[in-house]
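Take a look at the structure set out below.
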Amino acid sequence: MDTTKYTIERRYINKRHNVRPGTRLTSGAPVFLVAHDTGNPGASADNHFTYFQNLKDRSASAQVFVDDKKILEIIPTGTGPDAAEKAWHVLYNVTTDNERFGDDANDIALGIELCFGGKIDTLEAYKRFVWYLAYCCNKWGINPRTHIPSHKQLDPARKRDVDQALATIGKTLKELVYDVETELKGASVAPAALDFTPLPMYIAQSLIDNYVSPAWFASQKAGDDVGKTHFHNLANNLRAAAGLNEKIYRLLEL
């Protein structure tokens, strides 16, 4: 893919617990990407920077806002020189992210927001949104078919994004994923993402049983929470490589 197609602007909000706690993702690099829209038609990336820079009365944020003019990272994502940090974009008491990816979205994923509506050219914003998702997939070897859930998928009782913004330009989540795959074509890691050949299930399970699980229990015994998280995520990534969470892709049909 053309990694220089658009410019990524990095302008970070101040560190405050309710918006930018300054804590690194527990996974180091992002494991998956949550597709959001702002739910605020007409508000630009700059508008959202200002909003979160001044937000005091509740905990909420996302790392990235994309409109028709720019891609703006307001919390470090790891695409630049700064390590990826947490943002508060999915509620902790919603457990779908834990079931699918082995941990909380706030701790191992990026929240990427599509700005839309009003004076914003949503189709132009969408092009940048697709490119940025593909850029992240390319950088960290993320499979778009299984690892770009919408906020609605993770919290269907409360949320409608990113579907509500996509609907304004006649797009669906499934089409978004396909467009990300198309953007990825030609990237050095794209074949792995586009032509997903599952690891045989028996090999994945054998690796988990014989290597990962013993290491997890050893970390638990030693009181090593970082090690426990690492081996927990490794087991889930092996299951993903075996296609055991391919149900995520099937949900894109909804």
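Amide H neighbours of Ile112 under 5 Å, at least 5 residues apart or on other chains, H built in the peptide plane: list them.
Here the answer is Val34, His36, since their amide H atoms fall under 5 Å of that of Ile112.
Order Thr229, Thr146 by their accessible area, 1.4 angstrom probe, all chains in place, largest first. Don't skip to the answer; put the middle values down first.
Details: Thr229 40, Thr146 5 Å².
Ranked list, largest accessible area first: Thr229, Thr146.
Run through the DSSP bridge list for the chain and note the antiparallel percent, rounded to the nearest 5. Walk me through the intermediate numbers first.
On the way: 5 of 18 bridges.
Roughly 30 percent of the DSSP beta bridges within the chain come out antiparallel.
Provide Val94, Val226 ordered by accessible surface of protein heavy atoms (probe 1.4 Å), highest first.
On the way: Val94 25, Val226 115 Å².
Most to least solvent-accessible, the answer reads Val226, Val94.
Per residue, how much accessible area does the chain have with a 1.4 Å probe, in Å²? Don't skip to the answer; put the middle values down first.
Values: 11720 Å² over 254 residues.
Ligands and nucleic acids excluded, the figure is 46 Å² per residue.
DSSP beta bridges in segment 30-154, what fraction antiparallel, as a percent rounded to 5?
Numbers: 3 of 13 bridges.
Of those bridges, close to 25 percent are antiparallel.
Going by alpha carbons, how many degrees (0 to 90, nearest 10) lie between the helix axis of 225-241 and the longest principal axis of the chain?
Approximately 90 degrees, to the nearest 10.
Please report the net charge: other residues with Cβ closer than 15 Å to the Cβ of Asn54, K and R +1, D and E -1. Could you put the intermediate results ahead of the total?
Numbers: positive: Arg11, Lys15, Arg16, Arg20, Lys56, Arg58; negative: Asp46, Asp57.
Neighbour charge sum, excluding Asn54 itself: +4.
For q = 0.07, 0.13, 0.15 Å⁻¹, what log10 I(q)/I(0) does the chain give under the Debye formula with an equal point scatterer on each alpha carbon and no solvent?
The calculated log intensity ratios at q = 0.07, 0.13, 0.15 Å⁻¹ are -0.23, -0.81, -1.08.
Determine the calculated [θ] at 222 nm for the chain from helices alone, applying -39500 (n - 2.57) to every DSSP H run no shorter than 4 residues and normalising by the residue count; nearest 500 deg cm²/dmol.
Numbers: 13 runs with 108 residues, N = 254.
After summing the helix terms and dividing by residue count, I get -11500 deg cm²/dmol.
For the chain, give the percent of accessible area contributed by carbon and sulfur heavy atoms, probe 1.4 Å, rounded to a whole number.
Details: 6080 of 11720 Å².
That fraction is 52 percent.
Rank these by accessible area, largest first, 1.4 Å probe: Trp216, Trp131. Let's see the in-between values first.
On the way: Trp216 70, Trp131 0 Å².
Sorted descending by solvent-accessible area, the residues read Trp216, Trp131.
Summing +1 for each Lys or Arg and -1 for each Asp or Glu, what net charge is found among the other residues whose Cβ lies under 14 Å from the Cβ of Asn40?
Values: positive: Lys119, Lys159, Arg160; negative: Asp37, Asp46, Asp67, Glu113, Asp161.
Within the 14 Å Cβ shell, the charges total -2.
Rounded, prolate or oblate: which fits segment 84-142 when a ≥ b ≥ c are the square roots of the eigenvalues of the alpha-carbon gyration tensor, with rounded for a/c under 1.5 and prolate only if a/b beats b/c? Provide the component values of the computation, followed by the final result.
Values: a/c = 2.71, a/b = 1.59, b/c = 1.70.
Oblate, since a/c reaches 1.5 and b/c is not below a/b.
Rounded to the nearest 10 Å², what accessible area does Asp161 show when all protein chains are kept and the probe is 1.4 Å?
10
Rounded to the nearest 20 Debye, what is the dipole magnitude of the chain about its Cα centre when Lys and Arg each give +1 and Asp and Glu each give -1 at the C-beta? Walk me through the numbers before you get to the answer.
Details: 30 positive and 31 negative charges, 75 e Å.
Taking the Cα centre of the chain as origin, the dipole is about 360 debye.
With the cut-off at 32 Å, tell me which of the pairs Lys5/Lys228; Lys174/Lys221; Lys15/Lys159; Lys69/Lys159; Lys15/Lys119; Lys119/Lys152 have Cα atoms farther apart than that. It would help to have the intermediate numbers written out before the result.
Details: Lys5/Lys228 39 Å; Lys174/Lys221 43 Å; Lys15/Lys159 26 Å; Lys69/Lys159 26 Å; Lys15/Lys119 30 Å; Lys119/Lys152 25 Å.
Correct reply: Lys5/Lys228; Lys174/Lys221.
Under 12 Å from the Cβ of His230, count the other residues' Cβ atoms, weight Lys and Arg +1, Asp and Glu -1, and hand me the total. Before the final figure, lay out the partial values.
Working: positive: Lys228; negative: Asp103, Asp224, Asp225.
Counting the neighbours of His230, the net charge comes to -2.
Angle between the Cα long axis of helix 122-140 and the longest principal axis of the chain, 0 to 90 degrees, nearest 10?
Its long axis makes an angle of about 30 degrees.
Assuming a ≥ b ≥ c are the square roots of the Cα gyration tensor eigenvalues, decide whether segment 1-61 counts as rounded (a/c under 1.5), prolate (otherwise, with a/b larger than b/c) or oblate. Spell out each step's value before the answer.
Values: a/c = 1.74, a/b = 1.17, b/c = 1.48.
Because a/c hits 1.5 or more and a/b fails to exceed b/c, segment 1-61 counts as oblate.
Could you give the length gained on full extension between Ala215 and Ala167, defined as 0.36 nm per residue of separation minus the Cα-Cα distance, in nm? Show your work: numbers first, answer last.
Values: separation 48, 0.36 × 48 = 17.28 nm, distance 4.55 nm.
Gain on stretching Ala215 to Ala167: 12.7 nm.
Once you have a ≥ b ≥ c as the square roots of the Cα gyration tensor eigenvalues for segment 121-160, tell me rounded if a/c is under 1.5, and otherwise prolate or oblate according to whether a/b is larger than b/c. Walk me through the intermediate numbers first.
Numbers: a/c = 3.67, a/b = 1.19, b/c = 3.07.
Oblate shape, in that a/c is at least 1.5 and b/c is the bigger or equal ratio.
Which angle from 0 to 90°, rounded to the nearest 10, does the C-alpha axis of helix 213-222 make with the longest principal axis of the chain?
That works out to roughly 80 degrees.
The values are calculated or read from the model by the stated rules, or taken from the named source; none is laboratory data. Worth saying up front: this structure is predicted, and the values here are computed from it rather than measured. Please note: Cβ atoms are built from the backbone with ideal geometry, for glycine as well, and neighbour counts cover all protein chains shown. All accessible areas refer to the heavy atoms of the entire protein, side chains included, with ligands and DNA or RNA removed. Shrake-Rupley method; radii C 1.70, N 1.55, O 1.52, S 1.80 Å.
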